[in-house]
Every structure is written in structure tokens, then in C-alpha cells.
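Here is the structure we will look at, set down as C-alpha cells.
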């Protein structure tokens with residue numbers, strides 16, 4: 001028997017619908033339960049604010065001041081408004097260096113992610129003994145300090161007795177006797193790219209391999225039974241599962257490679273650095289520290305921060321969207 005068949009059933013249903021819902025009592029336990037997640041992350045927020053927020057505030061304040069060597073000694077700068085930003089944005093060298101750095105960053109990130117992913121896929125196919133040996137070698141390369149790695153690269157590419165020239169000559173690739181690998185800006189930046197990619201690959205390999213180990217074997221096996229080739233299995237099954245890992249690694253690589261300083265500065269050598277091979281990290285060093293114009297250097301730092309944020313916003317949005325879809 002339905003509600004409409006019961007005498008007065010319609011009136012009772014309407015009265016139940018219109019009756020206001022009783023609110024649960026407002027208790028301290030309910031407030032504490034609702035605030036628990038925010039209380040748990042509060043220490044992290046406070047630490048991040050203290051470590052990053054305070055220096056960023058002083059950096060931003062310094063960017064609006066004339067702060068040279070005299071002001072550094074006097075410990076007091078002169079407010080100049082937006083003059084530092086205007087000076088940087090009207091500097092044609094800044095735009096040349098910015099475009100070069102973006103291209104350099106794209107090349108480094110693409111090579112690092114591509115080669116790192118291929119090696120991670122290789123680790124899933126080899127035996128456990130070979131996998132351990134490869135992983136140990138990658139970890140050793142990863143643990144090498146950048147300064148030491150630069151010295152190794154300089155030794156291998158030395159004009160007089162470098163290993164690279166000797167090997168290429170012995171393999172009859174060409175006559176590389178006393179070949180100068182630092183003769184052009186392109187070769188200088190190419191060697192810097194090889195050094196940065198070599199140092200970044202181990203982290204990519206280990207992280208991607210960890211993600212690949214979480215891909216259900218049943219899904220891969222089902223796709224292979226359906227006739228999918230290896231590329232289709234990777235594209236349609238593996239990539240969607242480890243997509244968050246790729247997004248995080250790409251964002252981190254953009255941040256690291258855009259502001260890189262140690263490798264290009266030491267490998268190219270300060271005596272060879274000029275406007276044709278400068279990257280943003282070196283440009284910041286030259287303008288801020290070599291010329292002792294710390295206010296202008298602070299303005300360049302803020303602009304670099306904003307540019308990196310713009311370059312990374314696509315991947316950050318993708319990460320947020322992927323996490324929302326997962327929940």
C-alpha cells in the first residue's frame with residue numbers, strides 16, 4: 001500500500017517535507033573534529049612561512065630599493081619604487097637571456113624525462129642482479145657533487161689530452177685531435193645540458209621505476225592479450241596510472257633547470273661567459289653580485305620566481321585536477 005492510498009497520507013508527507021530538520025548540537029567535540037586536519041598541518045605551514053615567507057618578504061622589499069655597496073655598509077637602502085623592475089624589463093640582454101634559458105630548460109627537461117623513463121622501463125625488463133648494479137651506478141652518479149662532476153667533464157673534454165677527443169679519434173669518427181669543445185656558445189650549452197641531464201637522470205629513473213612497480217600486472221596482461229603492442233600498453237595503461245608522478249617530476253625539473261647556476265658557471269668558465277651564452281642564474285649573479293647592485297638583483301630574482309611559476313602552472317593545475325579525479 002502506497003502513501004497515496006493511506007487516508008491523509010498526502011498531508012502527512014507534505015508536513016514531513018516542510019518540517020525543518022533538527023540541527024545537531026554545537027559541541028566542542030564537533031569543532032575539534034572539524035578543525036583537526038587544519039591543526040595537524042599548522043606546524044608545517046608555520047615552518048614554511050618562517051623559512052620561505054620571511055626571506056621572500058625581505059627580497060621583495062629589497063627589490064624596491066637602491067642597494068649597492070655603500071648601502072650594504074650603511075645597512076640602509078634608498079627607496080626607488082619600480083625603478084629596478086623597469087631597468088631590468090627595458091634591458092634587451094634580459095630578454096635574450098630569458099628566451100635562451102627557456103629553450104635550455106625545455107631541452108633539459110625533455111631529455112631528462114625521456115631518457116630517465118626509458119631507463120626505468122629497462123629496469124623492469126632486466127634481471128634482479130643487473131637491476132641492482134644499474135641502480136647502484138645511478139645512485140653513485142646522483143651522489144656526486146656538482147663541482148666534482150664539472151671537473152670530470154672538464155677532464156673528458158680537455159683540448160690537449162681529453163678522453164672524448166681520444167676516443168672519437170680512435171673510433172675513426174673524425175679527426176678530433178685538440179678539438180675545442182668550448183669554441184662556440186652552442187657547444188658550451190650543449191655540454192652543460194649533457195652534464196645536467198646526466199646528474200638528473202638517476203632521480204627520474206628511481207622515481208619512475210617506483211611508479212612502474214605499482215602498475216597492476218593484470219591490466220598490462222589484459223591489454224597484451226587483447227593484442228595491444230608495447231607502445232599502446234605504455235600509452236593507454238601505464239601512463240594514466242603514473243601520470244601524477246610525471247607531473248611532479250616535470251614541475252621539479254623545470255624549477256631546477258631554469259635557475260641552474262653551478263654547472264654552467266664552472267663548466268663554461270667565467271672568462272668565457274658573455275651575453276651569447278648567459279643563462280638566468282648567471283645573469284642574476286653578474287647583475288646582482290659582480291656589479292654589487294643588490295636591489296636590481298633582487299628584482300631579477302622576483303621576476304625569475306614569477307616566470308617559473310608561470311612555466312609550472314600548467315603542470316600544477318594538472319596535478320590538482322588529477323588528484324581531484326582520483327578522489
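The values are calculated or read from the model by the stated rules, or taken from the named source; none is laboratory data. Remember, predicted model here, so these are calculated numbers, not experimental data. Virtual Cβ from ideal backbone geometry, glycine too; neighbours counted across all protein chains shown.
Results, tabulated for the structure shown:
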item	result
Residue, surrounded by the most Cβ atoms within 10 Å (Cβ to Cβ), within segment 142-174, restricted to residues that are farther than 17 Å from residue 268 by Cβ, more than 28 Å from the chain's Cα centre (by Cα) and touching a residue at least 12 places away in the same chain (Cβ under 8 Å)	165
Residue check, residue 81 within 18 Å of residue 298 (Cβ to Cβ), loosely packed, with under 10 Cβ neighbours inside 10 Å and at pLDDT 70 or above	yes
Members of segment 206-222 that are closer than 18 Å to residue 246 by Cβ and assigned to a helix (DSSP H, G or I)	206, 207, 208, 209, 210, 211, 212, 219, 220
Scope segment 116-132; condition outside any loop (DSSP other than H, G, I, E, B) and farther than 11 Å from residue 205 by Cα; matching residues	128, 129, 130, 131, 132
Residue among 37, 7, 43, 25 that alone is modelled with pLDDT of 85 or more and loosely packed, with under 13 Cβ neighbours inside 10 Å	43
Enumeration of residues in segment 212-236 that are within 16 Å of residue 118 (Cβ to Cβ) and touching a residue at least 60 places away in the same chain (Cβ under 8 Å)	212, 234
Those residues of segment 250-284 which are assigned to a helix (DSSP H, G or I) and within 20 Å of residue 315 (Cα to Cα), in sequence order	250, 251, 252, 253, 254, 255, 256, 257, 258
